[in-house]
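*Asks:* Provided herewith is a single structure, encoded as structure tokens, for subsequent inquiry.
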Amino acid sequence: MGSRQITFVIADNPPKRLDKAVSRDVPEEAALSRTRLSKVISDGGLQINGTVVTDPKAKVAAGAEVLIEVEEAGESHIGPEDIPLTVIYEDDDLIVVNKSAGMVVHPAPGSPSGTLVNALMHHCGDNLSGVGGIKRPGIVHRIDKETSGLLVVAKSDAAHQGLAAQFEKHTVERYYRALCYGAPAATDPRVRGVKGANFEPGNILKITTQLARHKTDRQRQAVLFQGGRHAVTRARIVETFGEPAAVSLIECWLETGRTHQIRVHMAHAGHGLVGDPTYGGKRKLSAKALPQKGIDAVQMFQRQALHAAVLGFEHPITGEMLRFEAPLPQDMRELLSALQQ
């Protein structure tokens with residue numbers, strides 16, 4: 001495996017730590033993330049004024065000459081698999097796909113193959129320039145296995161770094177469509193009494209809590225108000241079904257992006273998602289509120305009725321604003337049709 005050398009000079013007023021100073025001043029065209037630079041330092045691939053430095057906390061002075069030797073991207077241990085993908089957009093730096101329900105995003109002990117990453121390894125082939133020193137797709141966000149919809153994936157280290165920064169700053173536009181039990185309306189005093197829930201103008205439900213892994217069930221997330229990670233979800237009603245409303249089509253958008261966030265927040269507010277085996281549960285629907293066909297469709301829906309419908313972000317290389325929309329998948333369209341009848 002070959003390598004390349006990058007040389008530059010530390011500018012005035014450098015940060016106190018070497019890794020931060022190098023990250024600030026490394027040429028943009030080098031396309032090296034802070035994580036990648038940290039590994040280069042620890043592996044002995046960085047010299048200051050001709051001397052190898054491996055301590056990322058070391059001090060460095062303005063005017064110091066830096067030489068970095070970076071190995072070219074190596075092959076990933078994740079195998080390519082010829083799995084059909086719905087590609088919405090693709091260029092040399094990133095790809096946007098409409099993931100189908102039932103597909104895991106990244107290989108894990110329980111899902112070592114058949115994942116989105118395996119499919120992307122096959123689809124992109126030699127067009128992956130390397131993320132973190134390995135020729136692999138850069139996953140910057142995920143959606144659950146049984147959630148459908150839009151995902152952006154980096155094909156280069158520079159794109160991975162730029163996209164990750166946008167997700168960290170919560171500047172990425174993400175809208176979801178979902179079907180939930182009941183109607184999360186400002187007129188419902190029960191919802192107003194839920195801790196962490198309030199309504200903004202326009203009948204927009206805002207849920208603000210902390211989220212962390214459940215103490216006893218490691219497959220679930222739990223709502224907390226101390227500890228955990230800050231999480232904010234907003235939701236508004238698009239359409240209701242039944243009188244009184246037994247099911248609602250809602251639009252949700254994220255201020256943060258935590259595991260299971262929409263699912264656990266809507267359940268916390270008393271409006272779990274239809275079909276959600278972990279948080280939504282099965283509810284008995286009144287024949288007075290809905291026709292039997294609608295009730296049957298809800299009861300037989302086999303996954304959480306959640307779809308990542310809109311994704312917008314700034315292209316990490318060109319700076320162009322990109323925005324994509326994905327229509328509801330067939331199973332959710334059929335569920336809506338049954339409810340609308």
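The values are calculated or read from the model by the stated rules, or taken from the named source; none is laboratory data. All figures in this text were calculated on a predicted structure; none of them were measured in a lab. With ideal geometry, Cβ positions are generated from the backbone for all residues, glycine too; neighbour counts draw on all protein chains shown. The protein model used for the area step is the full one, side chains on, heavy atoms only, and it has no ligands, DNA or RNA in it. Shrake-Rupley method; radii C 1.70, N 1.55, O 1.52, S 1.80 Å.
*Asks:* Could you tell me which numbered condition Ala326 fails, if it satisfies all but one of (1) without any contact (Cβ under 8 Å) to a residue 40 or more places away in the chain; (2) touching a His at 6+ places or on another chain (Cβ under 9 Å)?
*Replies:* Among (1) without any contact (Cβ under 8 Å) to a residue 40 or more places away in the chain; (2) touching a His at 6+ places or on another chain (Cβ under 9 Å), Ala326 violates only (1).
*Asks:* Let me ask you something else. Return the residues of region 330-341 that are open to solvent by less than 30 Å² (accessible area, probe 1.4 Å) and either of a type in the set (Gly, Ala, Ser) or within 28 Å of Leu94 (Cβ to Cβ) (or both); say none if nothing qualifies.
*Replies:* Once the filter is applied, which keeps residues that are open to solvent by less than 30 Å² (accessible area, probe 1.4 Å) and either of a type in the set (Gly, Ala, Ser) or within 28 Å of Leu94 (Cβ to Cβ) (or both), region 330-341 yields Met332, Ala338.
*Asks:* Which of the residues spanning region 268-298 are open to solvent by 10 Å² or more (accessible area, probe 1.4 Å), β-branched (Val, Ile, Thr) and in contact (Cβ under 8 Å) with a residue 24 or more places away in the chain?
*Replies:* Thr278 - this is the single residue of region 268-298 that is open to solvent by 10 Å² or more (accessible area, probe 1.4 Å), β-branched (Val, Ile, Thr) and in contact (Cβ under 8 Å) with a residue 24 or more places away in the chain.
*Asks:* For region 135-157, enumerate the residues that are small (Gly, Ala, Ser) and touching a helix residue (DSSP H, G or I) at 6+ places or on another chain (Cβ under 9 Å).
*Replies:* Gly138, Ser148, Ala154
*Asks:* A further question follows. Taking the condition of being modelled with pLDDT under 85 and open to solvent by less than 30 Å² (accessible area, probe 1.4 Å), how many residues in region 112-128 meet it?
*Replies:* Count: 2.
*Asks:* How about region 66-99: which of its residues are out of contact with any strand residue (DSSP E or B) (no Cβ under 6 Å at 6 or more places or on another chain) and either over 21 Å from Val40 (Cβ atoms) or modelled with pLDDT of 95 or more (or both)?
*Replies:* Ile78, Gly79, Pro80, Glu81, Asp82, Ile83, Pro84, Glu90, Asp91, Asp92
*Asks:* Of these, Pro316, Pro327, which one is closer than 15 Å to Arg174 by Cα and assigned to a loop (DSSP other than H, G, I, E, B)?
*Replies:* The unique qualifying residue is Pro327.
*Asks:* May I pose another question? Which condition number does Ala305 fail, the rest of (1) in contact with a Gly (Cβ under 8 Å, 6 or more places away or on another chain); (2) among the hydrophobic types (A, V, I, L, M, F, W, C); (3) open to solvent by 20 Å² or more (accessible area, probe 1.4 Å) being met?
*Replies:* (3)
*Asks:* So which residues in region 7-62 are open to solvent by 50 Å² or more (accessible area, probe 1.4 Å), under 28 Å from Asp92 (Cα atoms) and in a strand (DSSP E or B), if there are any at all?
*Replies:* Correct list: Thr7 only.
*Asks:* Which strands (runs of 3 or more DSSP E) does region 158-267 wholly contain that include 3 or more residues that are surrounded by 22 or more Cβ atoms within 10 Å (Cβ to Cβ) and touching a helix residue (DSSP H, G or I) at 6+ places or on another chain (Cβ under 9 Å)?
*Replies:* Details: elements: 173-181, 197-200, 204-213, 221-224, 229-241, 247-254.
Where strands (runs of 3 or more DSSP E) fall fully within region 158-267 and carry at least 3 residues being surrounded by 22 or more Cβ atoms within 10 Å (Cβ to Cβ) and touching a helix residue (DSSP H, G or I) at 6+ places or on another chain (Cβ under 9 Å), they are 173-181, 204-213, 229-241, 247-254.
Quick grid of which residues meet (1) in contact (Cβ under 8 Å) with a residue 60 or more places away in the chain; (2) closer than 28 Å to Gln166 by Cα; (3) not hydroxyl-bearing (Ser, Thr, Tyr):
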residue: Glu243; (1), (2), (3): no, no, yes
residue: Leu254; (1), (2), (3): yes, yes, yes
residue: His260; (1), (2), (3): yes, yes, yes
residue: Arg303; (1), (2), (3): yes, no, yes
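*Asks:* Right, another one. So, of the residues in region 135-155 that are open to solvent by 10 Å² or more (accessible area, probe 1.4 Å) and at pLDDT below 90, which turns out to be farthest from Arg24 (Cα to Cα)? Before the answer, list the steps.
*Replies:* Step one: filter region 135-155 for residues open to solvent by 10 Å² or more (accessible area, probe 1.4 Å), giving 135-136, 139-146.
Now restrict to residues that are at pLDDT below 90: 135-136, 139-142.
Numbers: Lys135: 25, Arg136: 25, Ile139: 23, Val140: 21, His141: 25, Arg142: 28 Å.
This residue is Arg142.
*Asks:* Conditions first: (1) part of a helix (DSSP H, G or I); (2) in contact (Cβ under 8 Å) with a residue 60 or more places away in the chain. Ala309 passes all but one, so which condition is the exception?
*Replies:* Failed condition: (1).
*Asks:* Considering Arg258, Arg283, Arg323, which residue is under 28 Å from Gly202 (Cβ atoms), at pLDDT 95 or above and charged (D, E, K, R)?
*Replies:* Arg323 is the lone residue from the list that is under 28 Å from Gly202 (Cβ atoms), at pLDDT 95 or above and charged (D, E, K, R).
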